[in-house]
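The values are calculated or read from the model by the stated rules, or taken from the named source; none is laboratory data. The structure presented is a predicted model; accordingly, all values stated were derived computationally and were not measured. Don't worry about glycine lacking a Cβ; one is built from the backbone with ideal geometry, like all the others, and counts go over all protein chains shown. The protein model used for the area step is the full one, side chains on, heavy atoms only, and it has no ligands, DNA or RNA in it. Shrake-Rupley method; radii C 1.70, N 1.55, O 1.52, S 1.80 Å.
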Amino acid sequence: MGRVRDEKVARGVTRRTYEAGGQALRIAFQYKGVTCRETLKVKPNKTGEKYAVNLKAEIENQIERGTFNYLDHFPSSPRAALFGHAIS
(Lines give C-alpha, C1' and ligand atoms only; values in the text may rest on other atoms or scores of the structure.)
Protein backbone atom coordinates (compact mmCIF):
# COMPACT_ATOMS: atom_id res chain seq x y z
CA MET A 1 0.00 0.00 0.00
CA GLY A 2 1.41 3.38 -1.01
CA ARG A 3 1.77 6.53 0.98
CA VAL A 4 -0.99 9.08 0.92
CA ARG A 5 -0.52 12.77 1.65
CA ASP A 6 -3.47 14.97 2.61
CA GLU A 7 -3.44 18.72 1.99
CA LYS A 8 -6.13 20.86 3.61
CA VAL A 9 -8.08 22.93 1.08
CA ALA A 10 -10.77 24.29 3.40
CA ARG A 11 -12.43 23.21 6.64
CA GLY A 12 -13.54 19.63 5.99
CA VAL A 13 -12.13 19.49 2.45
CA THR A 14 -8.80 17.82 1.66
CA ARG A 15 -6.83 16.99 -1.45
CA ARG A 16 -5.32 13.51 -1.32
CA THR A 17 -2.15 12.83 -3.27
CA TYR A 18 -1.36 9.16 -3.77
CA GLU A 19 2.12 7.70 -4.19
CA ALA A 20 1.37 6.92 -7.84
CA GLY A 21 0.71 10.63 -8.44
CA GLY A 22 -3.07 10.56 -8.61
CA GLN A 23 -5.11 13.11 -6.70
CA ALA A 24 -8.65 13.20 -5.32
CA LEU A 25 -10.81 15.56 -3.27
CA ARG A 26 -12.45 14.35 -0.05
CA ILE A 27 -15.01 15.97 2.18
CA ALA A 28 -15.60 15.25 5.86
CA PHE A 29 -18.76 15.96 7.84
CA GLN A 30 -20.60 14.76 10.93
CA TYR A 31 -23.85 12.84 10.48
CA LYS A 32 -25.71 11.24 13.39
CA GLY A 33 -22.60 11.46 15.54
CA VAL A 34 -20.38 9.72 12.98
CA THR A 35 -17.55 11.39 11.07
CA CYS A 36 -18.14 10.65 7.39
CA ARG A 37 -15.43 11.03 4.77
CA GLU A 38 -16.33 10.67 1.11
CA THR A 39 -14.11 10.90 -1.95
CA LEU A 40 -15.64 13.02 -4.70
CA LYS A 41 -15.55 12.18 -8.40
CA VAL A 42 -14.41 15.61 -9.52
CA LYS A 43 -11.09 16.89 -10.82
CA PRO A 44 -8.87 18.21 -8.00
CA ASN A 45 -8.49 21.71 -9.46
CA LYS A 46 -9.79 25.10 -8.29
CA THR A 47 -13.24 24.45 -9.77
CA GLY A 48 -13.42 21.05 -8.08
CA GLU A 49 -12.32 22.56 -4.78
CA LYS A 50 -15.05 25.19 -4.99
CA TYR A 51 -17.60 22.46 -5.78
CA ALA A 52 -16.41 20.41 -2.78
CA VAL A 53 -16.71 23.36 -0.39
CA ASN A 54 -20.22 24.17 -1.67
CA LEU A 55 -21.32 20.51 -1.51
CA LYS A 56 -20.11 20.22 2.07
CA ALA A 57 -22.03 23.36 3.03
CA GLU A 58 -25.18 22.04 1.29
CA ILE A 59 -24.89 18.70 3.10
CA GLU A 60 -24.43 20.42 6.47
CA ASN A 61 -27.52 22.57 5.80
CA GLN A 62 -29.58 19.50 4.91
CA ILE A 63 -28.39 17.71 8.05
CA GLU A 64 -29.37 20.72 10.15
CA ARG A 65 -32.85 20.83 8.56
CA GLY A 66 -33.28 17.05 8.84
CA THR A 67 -33.66 16.52 5.08
CA PHE A 68 -30.30 14.84 4.35
CA ASN A 69 -30.40 11.49 2.55
CA TYR A 70 -27.00 9.82 2.19
CA LEU A 71 -27.97 8.02 -1.02
CA ASP A 72 -28.93 11.26 -2.77
CA HIS A 73 -25.34 12.49 -2.57
CA PHE A 74 -23.33 9.26 -2.41
CA PRO A 75 -25.30 6.50 -4.16
CA SER A 76 -22.42 4.02 -4.32
CA SER A 77 -21.17 4.54 -0.76
CA PRO A 78 -21.23 1.52 1.54
CA ARG A 79 -21.65 3.93 4.47
CA ALA A 80 -25.26 4.61 3.40
CA ALA A 81 -26.29 1.22 4.78
CA LEU A 82 -24.93 2.26 8.19
CA PHE A 83 -27.59 4.96 8.35
CA GLY A 84 -30.48 2.75 7.24
CA HIS A 85 -30.54 3.77 3.58
CA ALA A 86 -30.91 0.74 1.31
CA ILE A 87 -28.65 0.33 -1.70
CA SER A 88 -30.57 -1.42 -4.46
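Can you find, within segment 73-82, the residue that is farthest from residue 27 (Cα to Cα) among those that are out of contact with any Cys (no Cβ under 9 Å at 6 or more places or on another chain) and surrounded by 15 or more Cβ atoms within 10 Å (Cβ to Cβ)?
Selected residue: 80.
What residue, among those in segment 1-23 that are under 27 Å from residue 64 (Cα atoms) and among the small types (Gly, Ala, Ser), is surrounded by the fewest Cβ atoms within 10 Å (Cβ to Cβ)?
10
All but one of (1) loosely packed, with under 13 Cβ neighbours inside 10 Å; (2) in a helix (DSSP H, G or I); (3) not acidic (Asp, Glu) hold for residue 30; which doesn't?
(2) is the only condition that residue 30 fails.
I'd like the residue in segment 12-52 that is without any contact (Cβ under 8 Å) to a residue 40 or more places away in the chain and among the basic types (Lys, Arg) and, out of all such residues, is farthest from residue 82 (Cα to Cα).
The selected residue is 46.
The conditions are (1) under 11 Å from the mean Cα position of the chain (by Cα); (2) open to solvent by 40 Å² or more (accessible area, probe 1.4 Å); (3) modelled with pLDDT of 95 or more, and residue 41 fails exactly one of them. Which is it?
Checking residue 41 against (1) under 11 Å from the mean Cα position of the chain (by Cα); (2) open to solvent by 40 Å² or more (accessible area, probe 1.4 Å); (3) modelled with pLDDT of 95 or more, the one that fails is (3).
Based on this model, can you work out whether residue 70 counts as open to solvent by 30 Å² or more (accessible area, probe 1.4 Å) and among the aromatic types (Phe, Trp, Tyr)? Lay out the reasoning, then the answer.
Numbers: open to solvent by 30 Å² or more (accessible area, probe 1.4 Å): no; among the aromatic types (Phe, Trp, Tyr): yes.
Spelling it out, it is not the case that residue 70 is open to solvent by 30 Å² or more (accessible area, probe 1.4 Å) and among the aromatic types (Phe, Trp, Tyr).
Does residue 60 meet the test of being touching a Ser or Thr at 6+ places or on another chain (Cβ under 8 Å) and open to solvent by 40 Å² or more (accessible area, probe 1.4 Å)? Give the steps one after another, and end with the answer.
Details: touching a Ser or Thr at 6+ places or on another chain (Cβ under 8 Å): no; open to solvent by 40 Å² or more (accessible area, probe 1.4 Å): yes.
No.
Could you list, in sequence order, all residues of segment 44-57 that are of a type outside the set (Val, Ile, Thr) and either under 24 Å from residue 21 (Cα atoms) or open to solvent by 50 Å² or more (accessible area, probe 1.4 Å) (or both)?
Pass one, segment 44-57, residues of a type outside the set (Val, Ile, Thr): 44-46, 48-52, 54-57.
Correct list: 44, 45, 46, 48, 49, 50, 51, 52, 54.
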